[in-house]
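The values are calculated or read from the model by the stated rules, or taken from the named source; none is laboratory data. Model, not experiment: these values are computed from the prediction. Please note: Cβ atoms are built from the backbone with ideal geometry, for glycine as well, and neighbour counts cover all protein chains shown.
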Amino acid sequence: MTDQASSRRNVIVIGASLGGVNALQYLCANLPSDLPATVGVVIHRSPWWVSNIPAIYGRTPGGIRVQEAQAHDVLKEGVVYFAPADHHMQFGKGVIQLTRGPKLHFTRPAADALFISAAKTFGDRVIGVVLTGGGADGAHGLIAIKASGGVSVVQDPKEAVDPSMPVNGIRMDSVDHVTPLAELPKLLWCLTTEVAEKRL
């Protein structure tokens with residue numbers, strides 16, 4: 001990505017846990033291949049869980065490209081990068097950084113590590129999304145994103161398999177959008193195609 005897109009919200013970061021596989025399958029299947037944003041995803045999983053990320057989440061022909069992140073991958077629009085097992089994923093200046101730092105919320109990868117790094121690097125260009133899952137991971141990250149001028153989104157807790165992560169996001173800071181999963185692809189498209197407005 002280049003600074004030419006600095007007036008757009010073109011960085012999306014997503015966190016999920018219990019129930020997140022199905023939610024993320026739906027989301028990846030319904031995000032267009034020409035989405036004008038780079039997407040980073042953290043889903044809590046065992047460090048011993050070996051999986052084929054593209055086969056699980058990128059099965060829809062013509063859908064957005066899905067891949068497991070590798071260190072120093074260059075961030076590109078129209079690509080969803082999944083954090084690998086047992087590594088925190090962070091967004092640096094145009095590239096992905098992977099670390100094995102301390103667990104956050106008893107988990108590695110953690111959404112907060114991704115969210116906070118994106119907020120520091122990209123500021124008001126970031127959209128943070130918390131989906132179904134247990135615990136409070138992602139809540140501090142949403143606060144950081146909003147403090148940097150970005151947008152915060154949570155899945156409607158009423159439909160989440162485990163509402164804890166969305167509820168904690170709402171409790172800890174007023175979020176911008178509480179959205180049913182079925183409406184999330186359209187919302188993200190709208191947010192990424194509008195000009196970012198500075199918060200007062």
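Descriptive notes on the structure:
- Single condition Lys158 does not satisfy, out of (1) of a type outside the set (Val, Ile, Thr); (2) buried (at least 18 other Cβ atoms within 10 Å of the Cβ); (3) more than 22 Å from Tyr57 (Cα to Cα); (4) out of contact with any helix residue (DSSP H, G or I) (no Cβ under 8 Å at 6 or more places or on another chain): (2)
- Among residues of region 121-144 that are under 19 Å from Leu18 (Cβ atoms) and buried (at least 24 other Cβ atoms within 10 Å of the Cβ), those with a Cβ under 8 angstrom from a residue that is modelled with pLDDT of 95 or more and of a type in the set (Asp, Glu), sequence gap 6+ or separate chain, pair up as Thr132/Asp162; Gly133/Asp162; Asp137/Asp112; Gly138/Asp112; Ala139/Asp112; Gly141/Asp112.
- Listed here are the strands (runs of 3 or more DSSP E) enclosed by region 106-196 that have at least 2 residues being aliphatic (A, V, I, L, M) and within 25 Å of Arg45 (Cβ to Cβ): 126-130, 151-155.
- Residue match in region 52-72 (condition: closer than 23 Å to Gly138 by Cα, assigned to a loop (DSSP other than H, G, I, E, B), in contact with a Gly (Cβ under 7 Å, 6 or more places away or on another chain) and at pLDDT 95 or above): no
- Contact annotation: residue pairs with Cβ atoms under 6 Å, 6 or more positions apart or on different chains, pairing a residue in region 85-105 that is on the phi > 0 side of the Ramachandran plot with a partner that is in a loop (DSSP other than H, G, I, E, B) and exposed (fewer than 14 other Cβ atoms within 10 Å of the Cβ), are Asp86/Pro47.
- Scanning region 30-64 for residues that are surrounded by fewer than 17 Cβ atoms within 10 Å (Cβ to Cβ) and under 15 Å from the mean Cα position of the chain (by Cα) yields a single hit, Pro36.
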